[in-house]
Amino acid sequence: MAQYNYITGTVHWAKVLGDPVPNYTRDGREWTLDLTPDDDGYALIKKLGISSKIKNKGDERENFIQFKQREFRADGTRNKPLPVYDARNQLWDPETKIGNKSTVEVKFNVVDYGKGKPQGVYPQAVRVLELVPYVRQEFAPLPEDSKYYQNFAEDAGDYEGEDAPIEGDPLDG
């Protein structure tokens, strides 16, 4: 019988909703998320002996553990998508994407494959505790010293927010 563990932290690149996405080598598909654990999470990782699973890419994720579930098991049977819940344990709306820096709890198990082989860490479910909405960015932000950024800042002037006056209303004939 599997023993389940629960770890809380900040999520990045949560690709756990809907169909699986291509894996890194593009030879399969998977559901995946990167989790920067909270202090209790780091203690749990150490206790379980899976500290070697911690990665650091030198970006905003800091130290993180990557959870992956392949679309297909080694025997060829299809895995089910990871169930995702909200803080009230209701199924998550699959249309509401999980943004970077959301706080989540991951239910997972650790499988010991024997001496000399790395342990497997397998996610079982995800619970979103605090959502940071996902906002797609079509462009990288312009640097503040860009002439286009400066021109826009000057043109925007005092017209900020929804209550900004509209000059020359195009609907006034």
Exercise. Out of all the residues in the range 40-52, is one or more without any contact (Cβ under 8 Å) to a residue 24 or more places away in the chain, within 27 Å of Glu95 (Cα to Cα) and either hydroxyl-bearing (Ser, Thr, Tyr) or out of contact with any strand residue (DSSP E or B) (no Cβ under 6 Å at 6 or more places or on another chain) (or both)?
Worked result: no
Exercise. Given Lys55, Lys97, Lys101, Lys68, which one is among the charged types (D, E, K, R), open to solvent by 60 Å² or more (accessible area, probe 1.4 Å) and more than 14 Å from the chain's Cα centre (by Cα)?
Worked result: Lys55
Problem set entry | Candidate set from the range 35-52 (those that are hydrophobic (A, V, I, L, M, F, W, C) and over 21 Å from the mean Cα position of the chain (by Cα)); member that is least open to solvent (accessible area, probe 1.4 Å) | Leu48
Problem set entry | Residue in the range 148-161 that is of a type in the set (A, V, I, L, M), more than 27 Å from Trp13 (Cβ to Cβ) and either surrounded by 13 or more Cβ atoms within 10 Å (Cβ to Cβ) or modelled with pLDDT under 85 (or both) present | yes
Exercise. Does the range 111-123 hold any residues that are open to solvent by less than 50 Å² (accessible area, probe 1.4 Å) and out of contact with any Phe, Trp or Tyr (no Cβ under 8 Å at 6 or more places or on another chain), and which are they?
Worked result: Gly114
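The values are calculated or read from the model by the stated rules, or taken from the named source; none is laboratory data. These numbers were taken from a predicted model, which means no experiment stands behind them. Positions of Cβ are generated from backbone atoms using ideal geometry, with glycine treated the same way; all protein chains shown enter the neighbour counts. Only protein heavy atoms, including side chains, enter the accessible area calculation; ligands, DNA and RNA are left aside. Shrake-Rupley method; radii C 1.70, N 1.55, O 1.52, S 1.80 Å.
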